[in-house]
Amino acid sequence: MRARYGIPLGITAAGAAGLLYAAGFEARSFRLRRVTVPVLPSGMRPLRVLQVSDIHMVGGQRKKQRWLRSLAGLRPDVVINTGDNLSDPEGVPEVLDALGPLMEFPGAYVFGSNDYYGPRLRNPARYLVEKVQGRHGLNGNPPVVDAVHNPWEDLRDGFDSAGWLNLTNTRGTLKIEGTSIELTGLDDPHIKRDRYAEVAGGPSAGADFSMGVVHAPYLRVLDAFAADGYPLILAGHTHGGQLCIPFYGALVTNCDLDTDRVKGLSTHTAEGHRSYLHVSAGCGTSRYTPVRFACPPEATLLTLVSR
């Protein structure tokens, strides 16, 4: 009997231990990554940009809230929120409370699909199937029916009242110690809310520096930003793959971006123009898959320096 059941029991124990680690430790092991990006015009002082993304707040996540509040101690020049703040229709007050200290700094935001709609229970294997079939979100899939609508208007009002710029298919400008920072944003391409034609044309001549901001890094959006000459694009959405294989990396990105660029700093080229691309792995998970493996939750402090 021992020989017959030893291997299955061993596999079960290893699986249980992995799940316990992924849910109980790594999903709560918040990290700050620091990245230097050479994108500023010559002579411009360095700019410290804190990117937070994919918070996916669920009620009672006290450790995540404390960690987010602590990021204000970095004293960034600008805070960029790249969406998916919610994973609970009741989570807006806790998001605003957690981000409250950061909203004392200049900032801007775009929304992701989970800000608009509540998450749904789904088999994680569907992400692999969709990758093979080239279908992601509403890009090739049928529209979602009976979706739970999140109170995104309350989230918007909270960010707006703090002075953060709403970059939903529009442009905005921040003045940082006399420096003009232009931000061009899009609504979430994952659910086909992006309208690049409304912001096309590239950086404004009067801005000292310009960058693109979007939640989901779909190739059509990256192509448009890069072709228009934006030196830097910030995105989230991918969760860094969320469940990764050690020494191999991510299996999926939940969009048409390749897995080599699922998180961190890379580049994107279109029509002869090259942009830096930073994809945040985010600091949360869907409430129905509260696990991370070989991909800890994060925020990123990007120090922009001259080329």
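Among the candidates Leu167, Leu219, Leu186, Leu155, the residue that is closer than 23 Å to Glu271 by Cα and open to solvent by less than 10 Å² (accessible area, probe 1.4 Å) is uniquely Leu186. Regarding Ser210, is this residue open to solvent by less than 10 Å² (accessible area, probe 1.4 Å) and more than 17 Å from the chain's Cα centre (by Cα)? Taking the combined requirement at face value, the residue satisfies it.
Just wondering, is there one or more residues in the stretch 170-181 that are under 21 Å from Gly91 (Cα atoms), among the hydroxyl-bearing types (Ser, Thr, Tyr), open to solvent by 20 Å² or more (accessible area, probe 1.4 Å) and under 19 Å from the mean Cα position of the chain (by Cα)? The answer is no; no qualifying residue exists. Being part of a loop (DSSP other than H, G, I, E, B), open to solvent by less than 40 Å² (accessible area, probe 1.4 Å) and within 20 Å of Asp187 (Cα to Cα) is the filter here; which residues of the stretch 228-274 pass it? Listed by number, the residues that qualify are Gly229, Tyr230, Pro231, Gly236, His237, Thr238, Thr253, Asn254, Cys255, Leu257, Val262. Could you check, for the stretch 278-288, whether at least one of its residues is open to solvent by 50 Å² or more (accessible area, probe 1.4 Å) and either touching an Asp or Glu at 6+ places or on another chain (Cβ under 6 Å) or free of Cβ contacts under 8 Å to residues at least 60 places away in the same chain (or both)? So far as the stretch 278-288 goes, no, none of its residues is open to solvent by 50 Å² or more (accessible area, probe 1.4 Å) and either touching an Asp or Glu at 6+ places or on another chain (Cβ under 6 Å) or free of Cβ contacts under 8 Å to residues at least 60 places away in the same chain (or both).
Set side by side, the residues Asp208, Asp157 differ, and just one is over 28 Å from Leu40 (Cβ atoms) and not hydroxyl-bearing (Ser, Thr, Tyr), which is Asp157.
Being among the basic types (Lys, Arg) and more than 21 Å from Val49 (Cα to Cα) is the filter here; which residues of the stretch 73-121 pass it? Of everything in the stretch 73-121, just one residue is among the basic types (Lys, Arg) and more than 21 Å from Val49 (Cα to Cα), namely Arg120. Elements of the type helices (runs of 4 or more DSSP H) sitting completely within the stretch 96-198 and holding at least 3 residues that are over 24 Å from Asn254 (Cα atoms): these cover 152-161.
Taken together, the criteria place Pro290 among residues that are of a type outside the set (Val, Ile, Thr), in a loop (DSSP other than H, G, I, E, B) and more than 19 Å from Leu32 (Cβ to Cβ).
Please work out if Ala197 is at pLDDT 95 or above, open to solvent by less than 40 Å² (accessible area, probe 1.4 Å) and either charged (D, E, K, R) or closer than 30 Å to Ser180 by Cβ (or both). Criteria not met by Ala197. Going by what's in this entry, would Thr285 be described as modelled with pLDDT of 95 or more, more than 27 Å from Lys64 (Cα to Cα) and of a type in the set (S, T, N, Q)? When the stated conditions are applied, Thr285 does not pass them.
The rows are residues; the columns are (1) of a type outside the set (D, E, K, R); (2) under 30 Å from His136 (Cα atoms); (3) open to solvent by 10 Å² or more (accessible area, probe 1.4 Å); (4) within 15 Å of the chain's Cα centre (by Cα).
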site	(1), (2), (3), (4)
Leu47	yes, no, no, no
Lys63	no, no, yes, no
Arg66	no, no, yes, no
Arg69	no, no, yes, no
Gly83	yes, yes, no, yes
Leu86	yes, yes, no, yes
Gly100	yes, no, yes, no
Tyr109	yes, yes, no, yes
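Do you know which of the residues in the stretch 48-59 that are assigned to a loop (DSSP other than H, G, I, E, B) and at pLDDT 95 or above is nearest to Thr303 (Cα to Cα)? Within the stretch 48-59, the match that is nearest to Thr303 (Cα to Cα) is Ser53. Within the stretch 168-186, if we keep just the residues that are of a type in the set (Ser, Thr, Tyr) and in contact with a Phe, Trp or Tyr (Cβ under 9 Å, 6 or more places away or on another chain), the residue that is farthest from Gly83 (Cα to Cα) turns out to be Thr179. Among the residues of this structure, Val39 does not count as one that is within 18 Å of Cys295 (Cα to Cα) and β-branched (Val, Ile, Thr). Which one is nearest to Tyr288 (Cα to Cα) among residues in the stretch 120-152 that are touching a residue at least 24 places away in the same chain (Cβ under 8 Å), open to solvent by 80 Å² or more (accessible area, probe 1.4 Å) and basic (Lys, Arg)? Here the answer is Arg120.
The values are calculated or read from the model by the stated rules, or taken from the named source; none is laboratory data. Computed from a predicted model, the values in this text were never measured in an experiment. Glycine gets a Cβ as well: all are built from the backbone with ideal geometry, and neighbour counts include every protein chain shown. The accessibility values were calculated without ligands, DNA or RNA, using every heavy atom of the protein model including side chains. Shrake-Rupley method; radii C 1.70, N 1.55, O 1.52, S 1.80 Å.
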